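Beneath this line is the structure, given in C-alpha coordinates, with notes to follow.
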Amino acid sequence: MLKITSKQLEVTSPIRERIESRFEKLSRHDVQMINPHVIITEEKPGFKIEASVGIPNGELFAQAKHENLYTAINAMGQKLEKQLNRITHKPEAQRSTSLTPTNNIVEVNDDYEEEDAA
(Lines give C-alpha, C1' and ligand atoms only; values in the text may rest on other atoms or scores of the structure.)
Protein backbone atom coordinates (compact mmCIF):
# COMPACT_ATOMS: atom_id res chain seq x y z
CA MET A 1 0.00 0.00 0.00
CA LEU A 2 1.33 3.39 -1.04
CA LYS A 3 1.75 5.87 1.79
CA ILE A 4 1.68 9.59 0.90
CA THR A 5 2.66 12.21 3.44
CA SER A 6 2.56 15.95 2.81
CA LYS A 7 3.78 18.98 4.68
CA GLN A 8 2.02 22.34 4.21
CA LEU A 9 -0.10 20.83 1.42
CA GLU A 10 -3.35 18.90 1.09
CA VAL A 11 -3.10 15.76 -1.01
CA THR A 12 -5.99 15.96 -3.46
CA SER A 13 -7.26 13.04 -5.53
CA PRO A 14 -5.52 14.22 -8.77
CA ILE A 15 -2.20 14.38 -6.93
CA ARG A 16 -2.76 10.91 -5.46
CA GLU A 17 -3.75 9.53 -8.88
CA ARG A 18 -0.62 10.95 -10.52
CA ILE A 19 1.65 9.42 -7.88
CA GLU A 20 -0.14 6.07 -8.08
CA SER A 21 0.19 6.04 -11.88
CA ARG A 22 3.95 6.57 -11.57
CA PHE A 23 4.17 3.63 -9.17
CA GLU A 24 2.12 1.46 -11.54
CA LYS A 25 4.86 1.93 -14.11
CA LEU A 26 7.34 0.58 -11.56
CA SER A 27 5.21 -2.51 -10.99
CA ARG A 28 5.77 -3.53 -14.64
CA HIS A 29 9.23 -4.73 -13.65
CA ASP A 30 7.71 -7.59 -11.60
CA VAL A 31 9.60 -6.59 -8.46
CA GLN A 32 7.87 -6.64 -5.11
CA MET A 33 7.66 -3.13 -3.67
CA ILE A 34 7.90 -3.02 0.12
CA ASN A 35 6.44 -0.04 2.00
CA PRO A 36 6.50 2.62 -0.74
CA HIS A 37 6.44 6.05 0.90
CA VAL A 38 6.17 9.48 -0.74
CA ILE A 39 6.74 12.79 1.06
CA ILE A 40 5.58 16.04 -0.56
CA THR A 41 6.91 19.32 0.80
CA GLU A 42 5.94 22.78 -0.37
CA GLU A 43 8.96 25.06 -0.39
CA LYS A 44 9.27 28.73 -1.33
CA PRO A 45 10.23 28.39 -5.01
CA GLY A 46 8.18 25.25 -5.62
CA PHE A 47 7.72 21.68 -4.45
CA LYS A 48 10.03 18.93 -3.27
CA ILE A 49 8.96 15.31 -3.52
CA GLU A 50 10.83 12.36 -2.04
CA ALA A 51 10.09 8.69 -2.47
CA SER A 52 11.58 5.61 -0.85
CA VAL A 53 10.68 2.08 -1.86
CA GLY A 54 12.01 -1.11 -0.39
CA ILE A 55 12.68 -3.97 -2.79
CA PRO A 56 14.04 -7.46 -2.07
CA ASN A 57 17.54 -6.48 -3.35
CA GLY A 58 17.77 -3.21 -1.42
CA GLU A 59 16.04 0.16 -1.45
CA LEU A 60 15.22 2.80 -4.04
CA PHE A 61 15.27 6.49 -3.18
CA ALA A 62 14.61 9.51 -5.35
CA GLN A 63 13.84 13.16 -4.82
CA ALA A 64 12.92 15.93 -7.21
CA LYS A 65 12.29 19.66 -6.96
CA HIS A 66 10.32 21.81 -9.36
CA GLU A 67 7.99 24.78 -9.43
CA ASN A 68 5.20 22.55 -10.77
CA LEU A 69 4.17 19.68 -8.50
CA TYR A 70 3.19 17.35 -11.35
CA THR A 71 6.54 17.89 -13.08
CA ALA A 72 8.30 17.05 -9.81
CA ILE A 73 6.21 13.87 -9.50
CA ASN A 74 7.14 12.82 -13.04
CA ALA A 75 10.85 13.51 -12.43
CA MET A 76 10.77 11.48 -9.22
CA GLY A 77 9.05 8.61 -11.03
CA GLN A 78 11.61 8.63 -13.82
CA LYS A 79 14.47 8.49 -11.31
CA LEU A 80 12.91 5.53 -9.51
CA GLU A 81 12.26 3.75 -12.79
CA LYS A 82 15.85 4.26 -13.90
CA GLN A 83 17.18 2.83 -10.63
CA LEU A 84 14.83 -0.15 -10.79
CA ASN A 85 15.73 -0.79 -14.42
CA ARG A 86 19.42 -0.76 -13.55
CA ILE A 87 18.92 -3.21 -10.68
CA THR A 88 16.71 -5.65 -12.57
CA HIS A 89 18.92 -5.76 -15.68
CA LYS A 90 22.26 -5.85 -13.87
CA PRO A 91 22.81 -9.62 -14.27
CA GLU A 92 22.47 -9.38 -18.05
CA ALA A 93 24.67 -6.30 -18.42
CA GLN A 94 27.61 -6.49 -20.82
CA ARG A 95 30.16 -5.63 -18.17
CA SER A 96 28.81 -8.29 -15.86
CA THR A 97 29.09 -11.02 -18.48
CA SER A 98 32.49 -9.93 -19.80
CA LEU A 99 34.12 -10.30 -16.39
CA THR A 100 33.17 -13.94 -16.00
CA PRO A 101 36.11 -16.28 -16.64
CA THR A 102 36.02 -18.23 -19.86
CA ASN A 103 37.50 -21.61 -20.49
CA ASN A 104 39.40 -20.77 -23.64
CA ILE A 105 42.34 -23.14 -23.85
CA VAL A 106 45.03 -22.40 -26.36
CA GLU A 107 47.18 -25.30 -27.38
CA VAL A 108 50.81 -24.56 -28.04
CA ASN A 109 52.84 -26.98 -30.07
CA ASP A 110 56.47 -26.86 -29.00
CA ASP A 111 57.57 -29.56 -31.42
CA TYR A 112 59.37 -28.13 -34.38
CA GLU A 113 61.56 -29.52 -37.03
CA GLU A 114 65.05 -28.29 -37.36
CA GLU A 115 66.20 -27.69 -40.85
CA ASP A 116 69.69 -28.75 -41.68
CA ALA A 117 71.74 -25.72 -42.50
CA ALA A 118 74.64 -27.32 -44.25
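The values are calculated or read from the model by the stated rules, or taken from the named source; none is laboratory data. Computed from a prediction, not measured in an experiment: that's the story for all the values here. Surface accessibility is based on the protein's heavy atoms, side chains included, excluding ligands, DNA and RNA. Shrake-Rupley method; radii C 1.70, N 1.55, O 1.52, S 1.80 Å.
Take the range 33-97 with all the other protein chains still there, run a 1.4 Å probe, and you get 61 Å² of accessible area per residue. In µm²/s, what is D for the range 1-94 at 37 °C and 0.692 mPa s, where D = kT/(6 pi eta Rh) by Stokes-Einstein and Rh is the Kirkwood radius from Cα pairs? It comes out at roughly 241 µm²/s.
Stretching the chain fully between Val31 and Thr5 yields a gain of 7.0 nm (0.36 nm per residue, less the alpha carbon separation). Listed by chain and number, the lysines whose C-alpha is less than 20 Å from the C-alpha of Lys79, apart from same-chain residues fewer than 8 away, are Lys3, Lys25, Lys48, Lys65, Lys90.
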